[in-house]
């Protein structure tokens, strides 16, 4: 794996900036003396236990090549101000020493480190707080305008909520990893951890109040650790659960989302909105959007970077899987199987589901240019009932059809032709993780086809 130095910025995607920060300061990448036992985070009913994101280690015998730091621009980008909040007491170095915190930085934090649900030796610093800048005042454009810089193959995180459909290009999320937004009146946070290929969306509401999220610069099991800017509690991106601070144990509500191609989003949602490159940084990132700083990261020959958990070799570590968890049961659907079958009917936790796979979506973690990277396809997961009946699906050249009515369905689970035209299958929370990441947080997961 090679990180392209020309496209690494001072403020960038979690993983990029993580690894990059160590380089730019001349310090070695953080390491741990021992591999901690992974501690599964709280399980959310009907939600896939998301997977841990992780930077990548080079194949045995290879030396990781990290890019040189670029010069700090003369004019710094303008970042939207943090919402007003009640001042919090600053945590002291003496208190950190008393708690045995040695693997990450507590300086400058007002977090209540007395409260935590995970062992502190599972967390380590790889960047400074907000060193990877979240997008806090997002602007949007029409699919037609976005097509000026996005190709039909470009991957986007698609979200439809309250009758509003939005697409968040991975071309942008690779460099910011968090977008604080509102969809149809609901405050949401859109997250993407490149190291585990996990795109997850949550309602950013805690105790009835909206909160804003940023990046801590820390990793746990190689996954992005976020923080809320109200209490400065720390949250695991993969589970949406607070693991450190006053809000420890609090769970964010998942919002259905999926990675699909921009072309599929544009065809399905002609009135949809697409996150624009005007992200509030004065053009600082313009030349980087669309460039992958994790070149060849998802190669089969790579090992997960900075991953210290147990290695489950039932599947290749970097195999993409659709992770689903319902009723306390977790299951992984390998992309290699989905590419062959294209439609999989199954039952999880007593619930009948269907998994769709469709070609035409580029990997964001393959080549240097996302638009020309390999085709990994897109997935959708849904309950199988619509129009008052149980349906059975099969793949066609145009999408998917049900055997009961012959209606045609798209990757978003919507009937676009036939007797059931206009019907919508109920989406199931899922994410397209790398196997090592999914199993790190769902160690008892089953594997479809095994």
*Scan the stretch 216-238 for residues that are at pLDDT 95 or above, under 14 Å from the mean Cα position of the chain (by Cα) and assigned to a loop (DSSP other than H, G, I, E, B) and jot them down.*
237
_Leading residue by the ranking (nearest to the chain's Cα centre (by Cα)) among those in the stretch 114-128 that are assigned to a loop (DSSP other than H, G, I, E, B) and surrounded by fewer than 18 Cβ atoms within 10 Å (Cβ to Cβ)_ = 128
*Only residues that are touching a helix residue (DSSP H, G or I) at 6+ places or on another chain (Cβ under 9 Å) and in contact (Cβ under 8 Å) with a residue 60 or more places away in the chain: list them for the stretch 377-393, please.*
378, 379
_Positions within the stretch 373-409 being part of a loop (DSSP other than H, G, I, E, B) and farther than 30 Å from residue 297 by Cα, in sequence order_ = 384, 387, 388, 391, 392, 397, 398, 403, 404, 405, 406, 407
*Give 401, 372, 396, 405 a once-over and let me know the one that is more than 22 Å from residue 163 (Cα to Cα) and in contact with a strand residue (DSSP E or B) (Cβ under 7 Å, 6 or more places away or on another chain).*
401
*Scan the stretch 248-269 and give yes if some residue there is closer than 26 Å to residue 106 by Cα, assigned by TED's automatic domain parsing to the domain that holds residue 139, assigned to a strand (DSSP E or B) and out of contact with any helix residue (DSSP H, G or I) (no Cβ under 9 Å at 6 or more places or on another chain), otherwise no.*
yes
*Give the stretch 360-369 a look and list any residue that's in contact with a helix residue (DSSP H, G or I) (Cβ under 7 Å, 6 or more places away or on another chain), assigned to a loop (DSSP other than H, G, I, E, B) and buried (at least 20 other Cβ atoms within 10 Å of the Cβ), or say none.*
364
*Kindly provide the set of residues from the stretch 143-169 that are in a loop (DSSP other than H, G, I, E, B), surrounded by fewer than 24 Cβ atoms within 10 Å (Cβ to Cβ) and either touching a strand residue (DSSP E or B) at 6+ places or on another chain (Cβ under 7 Å) or not assigned by TED's automatic domain parsing to the domain that holds residue 194 (or both), ordered by number.*
152, 153, 162
*Given the conditions (1) farther than 19 Å from residue 193 by Cβ; (2) modelled with pLDDT of 95 or more, which single one is not true for residue 310?*
(2)
*Got at least one residue in the stretch 170-177 being crowded, with 24+ Cβ neighbours inside 10 Å and either part of a loop (DSSP other than H, G, I, E, B) or without any contact (Cβ under 8 Å) to a residue 60 or more places away in the chain (or both)?*
yes
*Just give me the residues in the stretch 178-194 being crowded, with 24+ Cβ neighbours inside 10 Å and in a loop (DSSP other than H, G, I, E, B), in sequence order.*
194
*For the subset of the stretch 334-359 comprising residues that are buried (at least 17 other Cβ atoms within 10 Å of the Cβ) and in contact with a helix residue (DSSP H, G or I) (Cβ under 9 Å, 6 or more places away or on another chain), which member is farthest from residue 438 (Cα to Cα)?*
358
_Can you list the strands (runs of 3 or more DSSP E) lying wholly within the stretch 303-359 that have 2 or more residues being in the same structural domain as residue 410 (by TED's automatic domain parsing) and farther than 21 Å from residue 200 by Cα?_
343-348, 351-358
_Need the failing condition index for residue 438 against (1) over 19 Å from the mean Cα position of the chain (by Cα); (2) within 30 Å of residue 267 (Cβ to Cβ), just the number._
(1)
*the stretch 247-272 - residue that is within 20 Å of the chain's Cα centre (by Cα) and either more than 20 Å from residue 174 (Cβ to Cβ) or at pLDDT below 95 (or both) and, of those, surrounded by the fewest Cβ atoms within 10 Å (Cβ to Cβ)*: 253
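The values are calculated or read from the model by the stated rules, or taken from the named source; none is laboratory data. All values derive from a computational prediction rather than experimental measurement. Because the Cβ atoms are built from the backbone with ideal geometry, glycine has one as well, and the counts that use them run over all protein chains shown.
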